[in-house]
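First up is the structure itself, then whatever we jot down about it.
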Amino acid sequence: MSARGIKDRVAIVAMGCTRFGEHWTSSTDDLLIDAVRECMTAVPGTDLADVEAFWLGTLGSGQSGLTLSRALALDYRPVTRVENYCATGSEAFRNACYAVASGAYDRVMAVGVEKLKDSGFSGLTRMDPPGDGTAAENTLTAPAAFSLLDPAYCARYGVDPAGMRAAMTHVAWKNHANGALNPKAQYRAQVSKEKIAAAPLVAGRLGVFDCSGVSDGAACALIVRAEDAHLYTDHPVYVKALALTAAPGRAAMDPGYDYTTFPEVVRSAQDAYRQAGVTDPRTEISLAEVHDCFTPTELVLMEDLGFAECGEAWRDALDGAFELGGRLPVNPDGGLKSFGHPVGASGLRMLYECWLQFRGEAGRRQLSDPRLALTHNLGGRPGGCVSFVSVVGSELG
Amino acid sequence: MNTPKGIVAYATYLPRHRLRHADLGAALGTGGGTGSRVAASFDEDSTTLGIEAARRLPRGGERPGAIFFATTSPAYLDKTNAAAVHAALGLGADGFAVDLAGSARSGTGALLAAAASGGLAVLADVRTGLPGSADERDGADGAAAFLFGDPDEAIAEIVARVSVTAEFLDRWRTPDEPAARRWEERFGLESYLPLVTEAGRRALAEADVAVPDHVVLSSPNPLVARRGAALFPARVPAGRTPGHAGAADVGLSLAEVLDRAAPGETVLLLAAVDGCDALVLRATDRIEGGRQAHPISAQLAAGRDVSYTAYLTWRGLLDREAPRRPEPEVAAGPPSARSQAWKFAFTGSRCRGCGFVHLPPARVCKGCGAVDEMEPRPLSGVRGTVVTFTADRLAYSPSPPLIDVVVDFDGGGRYTMELADAAPDEVEIGMRVETTFRRLHTTQGVHNYFWKARPVEDER
């Protein structure tokens with residue numbers, strides 16, 4: 001907290017992103033190569049050999065910098081592999097930005113990748129260190145952990161469970177509708193509200209459509225000093241704020257915590273807004289790509305990020321506030337719901353949508369004149385998470 | 001010579017699930033009948049049952065210097081199951097703990113060992129039979145615990161004891177088999193009756209009792225159990241026990257009598273297993289105040305049905321496809337040993353400075369940041385309230401869905417834990433729960449024991 005920040009000191013000048021999906025015929029290497037090639041193609045005259053350092057984010061699809069250097073046959077360059085649960089891709093980006101801001105490098109790349117479908121399992125799987133077998137996360141799956149929000153939210157705010165169910169359905173419906181407009185999304189079909197509400201249960205009241213999918217994908221960003229940005233592109237994306245918080249693990253033990261908020265998100269958002277100079281996120285932010293791992297998560301995030309009053313996000317969602325044509329479009333690219341969640345790639349995929357929107361290249365999803373965008377990742381489970389918030393903009397100042 | 005010890009406390013635990021005989025009959029195409037059998041849940045084994053019985057003993061007083069754990073269904077071989085009982089009771093390192101595992105006679109063995117030296121006898125069993133067998137239908141799962149100590153404190157004393165032993169084939173099982181085999185029952189009956197007669201007569205003579213007030217006969221041979229007791233008339237009619245519960249049966253039978261016996265009344269306890277052990281006990285004046293809080297009759301009356309297919313799955317007799325999830329990781333040795341007080345005794349830590357309770361225990365206070373200012377906070381006997389909940393249909397579980405609840409414990413402390421013995425539609429915010437020692441899963445032959453919550457029956 002209270003980081004000084006690096007507002008307007010670095011810029012994204014190119015990005016790449018694979019389609020997310022069930023890539024049975026592509027390896028981790030293939031995904032990395034495809035994303036990086038798209039990125040480099042966007043800056044003619046610049047070669048991968050000009051990139052001075054790399055940060056690779058992956059949860060479990062490879063270890064060490066060799067995962068990237070071997071795939072791309074990089075010529076003895078520094079490659080750092082980072083992991084921070086579902087904020088892994090964002091963490092790679094954050095560290096890469098700081099490296100340029102420090103003055104150590106002029107051109108770096110952040111790459112995120114995950115190959116989940118090869119495991120043969122449903123949902124995310126993890127490799128945990130040896131333990132005593134007592135941790136709840138040993139048994140409870142991610143959808144179950146996030147479904148804890150639903151009854152708690154209804155109880156805290158006196159929301160009729162039917163109303164909450166309708167709001168969760170609306171989130172899934174909206175994000176699938178957005179994803180249907182996105183050629184890089186895993187799921188490109190609109191899904192009716194009836195189908196969402198009637199889906200088989202996965203955990204608590206969460207059905208299949210309340211959960212993000214399992215997919216493979218990769219995304220990357222080329223980052224340079226802000227003053228150099230126009231050497232590469234007429235439309236750079238300037239980094240305004242990078243905020244990460246890791247929870248102390250108090251909430252899971254604290255009878256004062258009520259499972260209707262993520263304290264780590266509130267803190268990281270406050271930090272990011274302060275770095276970026278944002279005082280009223282509801283009016284200043286043009287679009288937000290947030291971590292809609294499960295539908296109740298997105299509802300709670302609207303409140304934690306300051307986009308809705310506490311206890312009101314479910315109603316605002318139903319009123320259309322966060323749709324493409326609403327007052328603050330959330331997950332215009334379709335979110336984790338439509339893209340699935342290849343962990344290391346997701347944070348960079350969110351930035352990719354901001355990149356497209358600022359350049360006017362978002363096709364049928366294109367918003368009119370977006371200036372400031374927010375991306376948000378959440379890793380862990382209610383009670384103790386890592387949370388990342390970035391603010392990026394199309395203009396300096 | 002040691003002063004003979006008396007029973008100073010006892011308690012029993014019957015699992016909550018019931019397998020209806022009618023369901024069993026319908027599935028197998030046989031006449032089912034109207035009764036039911038007591039069935040341990042998928043997350044219960046002889047160790048967890050024994051711990052649940054032992055936990056119900058009144059707290060305070062002398063800590064048992066020895067634990068004698070009897071079962072025919074040991075959760076481990078080559079590893080002492082009594083050590084887990086010892087750990088779950090939070091007894092620290094002091095004391096002896098040993099298994100007496102094998103035949104149902106182990107139950108009597110544990111009682112006699114504890115009677116001779118003082119200590120705790122824990123008798124527990126999961127009685128599994130092949131589908132359609134008498135063991136399946138008429139068996140029972142359960143546990144009983146007896147604390148032996150100072151005769152002046154005793155609620156019952158052993159006044160005579162006679163044992164006879166005989167070697168013959170009545171029932172047997174090799175260690176790799178799930179259920180026992182039996183010889184033709186009438187051979188067993190003819191072999192046992194003279195042994196029961198001899199042991200019983202000699203014990204009554206030794207105790208100088210003509211007609212005992214209560215007679216109990218425990219035998220894994222159902223014909224012996226029915227006919228043998230009739231050899232010795234009792235003044236008080238027999239009560240109802242759950243069915244033959246292996247090594248726990250003699251304990252459950254004795255406990256059922258102690259639930260009812262008046263001061264001064266005598267009990268002839270016969271255990272016909274590979275011979276016969278006959279004990280004559282007398283209830284003391286302290287019996288009225290020393291009865292267990294939940295008598296067997298009440299435990300029998302409470303229960304929730306389990307389907308026959310679920311029961312067979314729990315016992316490993318119906319091999320179903322595993323969920324598309326990775327198997328849970330093995331509970332590793334060193335971390336489990338380091339966290340013994342937490343994992344086995346559910347002991348958290350409480351900050352001496354600000355009072356914040358940590359589950360699991362922590363060194364740095366999450367309330368005030370103080371370092372190493374903690375005191376142990378045992379929570380295994382503390383009730384709590386459900387804050388929020390879920391039913392996980394994706395998780396790896398032998399009995400999906402896996403229910404998880406966030407529990408706020410009375411007096412401080414919160415933990416997210418599995419809910420045992422409940423269905424998803426029974427859970428609600430504000431529900432009262434208590435803790436229960438269970439087996440979360442077994443990976444690579446390692447039983448992952450830990451605590452779960454379960455609904456409280458008497459606070460609804």
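The values are calculated or read from the model by the stated rules, or taken from the named source; none is laboratory data. All values derive from a computational prediction rather than experimental measurement. Quick reminder, even Gly has a Cβ in these numbers, built from the backbone with ideal geometry, and neighbours come from all protein chains shown. Side chains included, ligands, DNA and RNA excluded: accessible areas come from the protein's heavy atoms. Shrake-Rupley method; radii C 1.70, N 1.55, O 1.52, S 1.80 Å.
Miscellaneous remarks
- Every residue from segment B:154-173 that is over 23 Å from the mean Cα position of the chain (by Cα) and either among the small types (Gly, Ala, Ser) or over 30 Å from B:Pro263 (Cβ atoms) (or both): B:Ala160, B:Ser163, B:Val164, B:Thr165, B:Ala166, B:Glu167, B:Phe168, B:Leu169, B:Asp170
- A single entry from B:Pro398, B:Pro361 fulfils the requirement of being within 12 Å of chain A (Cβ to nearest Cβ), on the phi < 0 side of the Ramachandran plot, under 29 Å from the mean Cα position of the chain (by Cα) and at pLDDT below 95: B:Pro398.
- As a summary of the residue check, A:Asn178 satisfies the conditions (1) touching a Pro at 6+ places or on another chain (Cβ under 6 Å); (2) within 22 Å of A:Gly256 (Cβ to Cβ); (3) crowded, with 23+ Cβ neighbours inside 10 Å; (4) more than 7 Å from chain B (Cβ to nearest Cβ) except for the one numbered (2).
- Here is the figure for segment B:417-433: residues that are of a type outside the set (Gly, Ala, Ser), within 12 Å of chain A (Cβ to nearest Cβ) and under 23 Å from B:Gly381 (Cβ atoms) total 5.
- In segment A:291-304, the qualifying residues are those that are open to solvent by 10 Å² or more (accessible area, probe 1.4 Å) and under 17 Å from A:Pro263 (Cβ atoms), and the one that is farthest from the chain's Cα centre (by Cα) is A:Glu303.
- Scanning segment B:409-460 for residues being open to solvent by 30 Å² or more (accessible area, probe 1.4 Å), touching a Gly at 6+ places or on another chain (Cβ under 9 Å) and in a strand (DSSP E or B) gives a total of 3.
- The requirement of being at pLDDT 95 or above and buried (at least 20 other Cβ atoms within 10 Å of the Cβ) is not satisfied by B:Gly228.
- Selection status of B:Ala121, open to solvent by less than 10 Å² (accessible area, probe 1.4 Å) and touching a Leu at 6+ places or on another chain (Cβ under 6 Å): yes
- Restricting A:Ala317, A:Ala272, A:Ala288, A:Ala321 to residues that are buried (at least 22 other Cβ atoms within 10 Å of the Cβ) and farther than 24 Å from A:Ala3 by Cβ narrows the list to A:Ala317.
- Taking residues in segment A:143-171 that are within 9 Å of chain B (Cβ to nearest Cβ) and of a type in the set (D, E, K, R), and partners anywhere that are outside any helix (DSSP H, G or I) and buried (at least 24 other Cβ atoms within 10 Å of the Cβ), the pairs with Cβ atoms closer than 6 Å and at least 6 places apart or on different chains are A:Asp150/A:Gly204.
- Candidates are the residues of segment B:316-350 that are touching a Gly at 6+ places or on another chain (Cβ under 9 Å) and within 29 Å of B:Arg18 (Cα to Cα); the one that is modelled with the lowest pLDDT is B:Pro328.
- Applying the set (1) within 11 Å of chain A (Cβ to nearest Cβ); (2) farther than 23 Å from B:Arg59 by Cα to B:Phe450 leaves exactly one unmet item: (2).
- Only a single criterion out of (1) open to solvent by 10 Å² or more (accessible area, probe 1.4 Å); (2) in contact with a strand residue (DSSP E or B) (Cβ under 9 Å, 6 or more places away or on another chain); (3) among the aromatic types (Phe, Trp, Tyr) is not satisfied by A:Phe307, namely (1).
Every residue, every condition in (1) in contact (Cβ under 8 Å) with a residue 60 or more places away in the chain; (2) of a type in the set (Gly, Ala, Ser), yes or no:
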{"site": "B:Gly102", "(1), (2)": "no, yes"}
{"site": "B:Thr108", "(1), (2)": "yes, no"}
{"site": "B:Leu111", "(1), (2)": "yes, no"}
{"site": "B:Gly118", "(1), (2)": "yes, yes"}
{"site": "B:Val126", "(1), (2)": "yes, no"}
{"site": "B:Leu130", "(1), (2)": "yes, no"}
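- Residue match in segment B:331-343 (condition: more than 9 Å from every other protein chain (Cβ to nearest Cβ) and out of contact with any helix residue (DSSP H, G or I) (no Cβ under 6 Å at 6 or more places or on another chain)): yes
- Residues that are touching a helix residue (DSSP H, G or I) at 6+ places or on another chain (Cβ under 6 Å) and loosely packed, with under 15 Cβ neighbours inside 10 Å do not occur anywhere in segment B:283-298.
- Any hit, segment A:118-139, residues being open to solvent by less than 10 Å² (accessible area, probe 1.4 Å) and either farther than 30 Å from A:Thr58 by Cα or touching a Leu at 6+ places or on another chain (Cβ under 6 Å) (or both): no
- Here the condition is being within 14 Å of another protein chain (Cβ to nearest Cβ) and either open to solvent by 10 Å² or more (accessible area, probe 1.4 Å) or over 17 Å from the mean Cα position of the chain (by Cα) (or both); of A:Thr283, A:Thr260, it holds for A:Thr260 alone.
So that you can scan it fast, the table gives a plain yes or no per residue for (1) closer than 30 Å to B:Ala22 by Cβ; (2) modelled with pLDDT of 95 or more:
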| position | (1), (2) |
| --- | --- |
| B:Ala70 | no, yes |
| B:Tyr76 | no, yes |
| B:Gly90 | no, no |
| B:Ala93 | no, no |
| B:Val122 | no, yes |
| B:Asp125 | yes, yes |
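- Note on segment B:58-165: enclosed helices (runs of 4 or more DSSP H) holding 2 or more residues that are closer than 19 Å to B:Ala225 by Cα are B:105-117, B:134-138.
- Options A:Gly347, A:Gly340, A:Gly383, A:Gly326; residue that is open to solvent by less than 30 Å² (accessible area, probe 1.4 Å), more than 23 Å from A:Ala87 (Cβ to Cβ) and touching a Gly at 6+ places or on another chain (Cβ under 9 Å): A:Gly326
- Qualifying residue in segment B:20-30 (condition: crowded, with 24+ Cβ neighbours inside 10 Å and outside any strand (DSSP E or B)): no
- Boolean, B:Asp152 is closer than 24 Å to B:Tyr192 by Cβ and open to solvent by 10 Å² or more (accessible area, probe 1.4 Å): no
- The residues of segment B:365-395 that are small (Gly, Ala, Ser), buried (at least 19 other Cβ atoms within 10 Å of the Cβ) and more than 9 Å from chain A (Cβ to nearest Cβ) amount to a single one, B:Gly384.
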